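Trainee: Please find one structure pasted underneath; my questions will follow.
The values are calculated or read from the model by the stated rules, or taken from the named source; none is laboratory data. All figures in this text were calculated on a predicted structure; none of them were measured in a lab. Here the Cβ is made from the backbone with ideal geometry for all residues, glycine too, and neighbour counts use every protein chain on show. Each accessible area value is taken on the protein alone, full model and side chains, heavy atoms only, with ligands, DNA and RNA left out. Shrake-Rupley method; radii C 1.70, N 1.55, O 1.52, S 1.80 Å.
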Amino acid sequence: METTYVLIADAHRARCYERQLPGHVLVEVADFVFPQTRSSAETDAGDWTGPADKGHGRTAHAGTQFEPRTEVPDKERANFAQQLATYLNAAVAEQRCHALALIATSPMLGDLKPLLAPAASKALRRTVAKDLTHYTGPELYERVSRALEWPD
């Protein structure tokens with residue numbers, strides 16, 4: 001029997017479900033909540049405290065080198081994606097699942113997919129750019145089934 005892990009994620013919340021054929025029942029196996037490192041007031045105000053530029057040091061000219069600025073929410077999402085990828089990579093390596101399906105927001109999919117190990121990438125059967133993190137119970141089951149086009 002093939003076990004599929006279905007990960008449903010956005011930048012701050014993810015749930016991993018196990019789905020075994022032919023039963024098609026979703027069973028939650030893991031729940032992830034990424035802790036906020038900044039208050040929403042700080043995020044809204046945009047007062048990021050970190051170096052936006054640095055001098056050239058030994059290059060001996062007076063210019064300033066500007067590095068691409070990555071906003072904190074992007075960094076938080078990338079850190080969360082790394083945590084999720086580590087979990088999925090281990091699940092595939094330990095043969096807890098044989099296939100993966102990712103249903104996540106577009107930015108999260110963009111961060112998560114490159115972090116998958118070769119074995120996990122090979123196990124990836126489907127990706128869907130949707131946010132289903134707010135659904136539970138029968139409504140979640142229906143939306144996942146429609147998103148992945150699995151027959152009932």
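Trainee: Looking at Ala120, Ala129, which is the one that is small (Gly, Ala, Ser) and in contact with a Ser or Thr (Cβ under 6 Å, 6 or more places away or on another chain)? Quick ask: steps written out before the conclusion?
Mentor: Numbers: Ala120 fails: in contact with a Ser or Thr (Cβ under 6 Å, 6 or more places away or on another chain).
Selected residue: Ala129, the only one of Ala120, Ala129 that is small (Gly, Ala, Ser) and in contact with a Ser or Thr (Cβ under 6 Å, 6 or more places away or on another chain).
Trainee: Can you pull out every residue in region 83-116 that is open to solvent by 20 Å² or more (accessible area, probe 1.4 Å) and in contact with a Phe, Trp or Tyr (Cβ under 7 Å, 6 or more places away or on another chain)?
Mentor: Hit for region 83-116 is Gln83, nothing else.
Trainee: Can you spot a residue in region 116-129 that is touching a Lys or Arg at 6+ places or on another chain (Cβ under 9 Å) and more than 15 Å from Ala99 (Cβ to Cβ)?
Mentor: No, because not a single residue in region 116-129 is touching a Lys or Arg at 6+ places or on another chain (Cβ under 9 Å) and more than 15 Å from Ala99 (Cβ to Cβ).
Trainee: Can you spot a residue in region 114-126 that is hydrophobic (A, V, I, L, M, F, W, C) and under 11 Å from the mean Cα position of the chain (by Cα)? Even if it seems obvious, please write down each step before you answer.
Mentor: We begin by selecting, within region 114-126, every residue hydrophobic (A, V, I, L, M, F, W, C); these are 115-117, 119-120, 123-124.
Right, trim to under 11 Å from the mean Cα position of the chain (by Cα) and you get 115-116.
Yes.
Trainee: Restricting attention to region 122-142, does a residue exist that is touching a helix residue (DSSP H, G or I) at 6+ places or on another chain (Cβ under 8 Å), aliphatic (A, V, I, L, M) and part of a helix (DSSP H, G or I)? Show your work before the answer.
Mentor: From region 122-142, those touching a helix residue (DSSP H, G or I) at 6+ places or on another chain (Cβ under 8 Å) are 123-124, 126-130, 132, 135; that's our starting set.
Cutting the leftovers down to aliphatic (A, V, I, L, M) gives us 123-124, 128-129, 132.
Still in the running and part of a helix (DSSP H, G or I): 123.
Within region 122-142, one or more residues are touching a helix residue (DSSP H, G or I) at 6+ places or on another chain (Cβ under 8 Å), aliphatic (A, V, I, L, M) and part of a helix (DSSP H, G or I).
Trainee: Tell me the residue from Pro51, Pro68 that is assigned to a loop (DSSP other than H, G, I, E, B), open to solvent by 80 Å² or more (accessible area, probe 1.4 Å) and at pLDDT 55 or above, please.
Mentor: Details: Pro51 fails: at pLDDT 55 or above.
Being assigned to a loop (DSSP other than H, G, I, E, B), open to solvent by 80 Å² or more (accessible area, probe 1.4 Å) and at pLDDT 55 or above holds for just one of Pro51, Pro68, which is Pro68.
Trainee: Next up: Of all residues in region 127-150, count the ones that are open to solvent by 70 Å² or more (accessible area, probe 1.4 Å), under 17 Å from Leu26 (Cα atoms) and under 17 Å from the mean Cα position of the chain (by Cα). Walk me through it before giving the result.
Mentor: We begin by selecting, within region 127-150, every residue open to solvent by 70 Å² or more (accessible area, probe 1.4 Å); these are 130, 134, 136, 138-139, 142-143, 146, 149.
Now restrict to residues that are under 17 Å from Leu26 (Cα atoms): 134, 136, 138-139, 142-143, 146, 149.
Those still in the list that are under 17 Å from the mean Cα position of the chain (by Cα) too: 134.
Qualifying residue count for the region: 1.
Trainee: For residues in region 90-113 being among the charged types (D, E, K, R) and within 17 Å of Asn79 (Cα to Cα), which is nearest to the chain's Cα centre (by Cα)? I'd like the intermediate steps shown before the answer.
Mentor: Of region 90-113, the ones among the charged types (D, E, K, R) are 94, 96, 111, 113.
Those left that are additionally within 17 Å of Asn79 (Cα to Cα): 111, 113.
Numbers: Asp111: 7, Lys113: 8 Å.
Selected residue: Asp111.
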